[in-house]
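J.: Sending over a structure as structure tokens; questions will come in a sec.
The values are calculated or read from the model by the stated rules, or taken from the named source; none is laboratory data. What you see is a predicted model, and the numbers here were worked out from it, not measured in a lab. Counting neighbours? That spans all protein chains shown, and the Cβs are built from the backbone with ideal geometry, glycine included.
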Amino acid sequence: MSLAGNWSGGPSFTDVKIGLVLVATAIMAISVGPSIFSSLWGRKWRRTAIVAGTGIVLFYSVWIIYLARTLPSVTVANNWNIAWAALDSFEGLAALFSAVLLHRRSKYAVLPTTAFSTSLCIDALFAITTAPPGMPLTVAILEAVLVELPVATLAAVLALKLLNTGASAPSTRPGPSGPATGS
């Protein structure tokens, strides 16, 4: 029943998000200590990443509960068409970069391939959860089950294969200075 203009979920949305970010940042700064910048590229980078990841998980745990309890279930979305066009453009670019980097036998092909897989899952989730009941919801479910999720699975399997095999190794094709030595 509530609309975006009538949302009265307590403190303003932006205030709570800024507060949570500040709290998470303070916790991370205190736990990591003043050597954060020197440890990012040094031997302590794993510890820094673990602490930062833990802080992010805690932040999102609180944030998700807050959103689930306070956001309206029905709202008007501005620029709806642009949001969907942008998501699909991202998917297309990720697929293009995957293809180009795979063709070049680049070890970096795993990155856009993973992004492509992830974005297809996000597309399926949002298409289903935002579709109105009836035929639009049926079409969203069919598209997710028959197209988006199978292609996302194939892309994820390809990304794993690129990580776990020599498929992501540098090319053995001759370069400007002769054939690669493999060392």
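J.: Only one of these is within 20 Å of the chain's Cα centre (by Cα) and either modelled with pLDDT of 80 or more or hydroxyl-bearing (S, T, Y) (or both): A99, A77, A49. Name it.
T.: A99
For every residue, the table says whether it meets (1) assigned by TED's automatic domain parsing to the domain that holds N164; (2) within 29 Å of N164 (Cα to Cα); (3) among the aliphatic types (A, V, I, L, M).
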site	(1), (2), (3)
T75	no, no, no
A86	yes, no, yes
L93	yes, yes, yes
L101	yes, yes, yes
F116	yes, yes, no
D123	yes, yes, no
P133	yes, no, no
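J.: Hey, another quick one. Within segment 97-139, which residues are buried (at least 20 other Cβ atoms within 10 Å of the Cβ) and within 12 Å of L158 (Cβ to Cβ)?
T.: Listed by number, the residues that qualify are S98, A109, V110, P112, T113, F116, S117.
J.: Return yes when A94 is within 20 Å of the chain's Cα centre (by Cα), part of a helix (DSSP H, G or I) and under 22 Å from P132 (Cα atoms) and no when it is not.
T.: Numbers: within 20 Å of the chain's Cα centre (by Cα): yes; part of a helix (DSSP H, G or I): yes; under 22 Å from P132 (Cα atoms): no.
It is false that A94 is within 20 Å of the chain's Cα centre (by Cα), part of a helix (DSSP H, G or I) and under 22 Å from P132 (Cα atoms).
J.: Looking only at segment 102-129, count how many residues are within 22 Å of A86 (Cα to Cα) and without any contact (Cβ under 8 Å) to a residue 40 or more places away in the chain.
T.: 16
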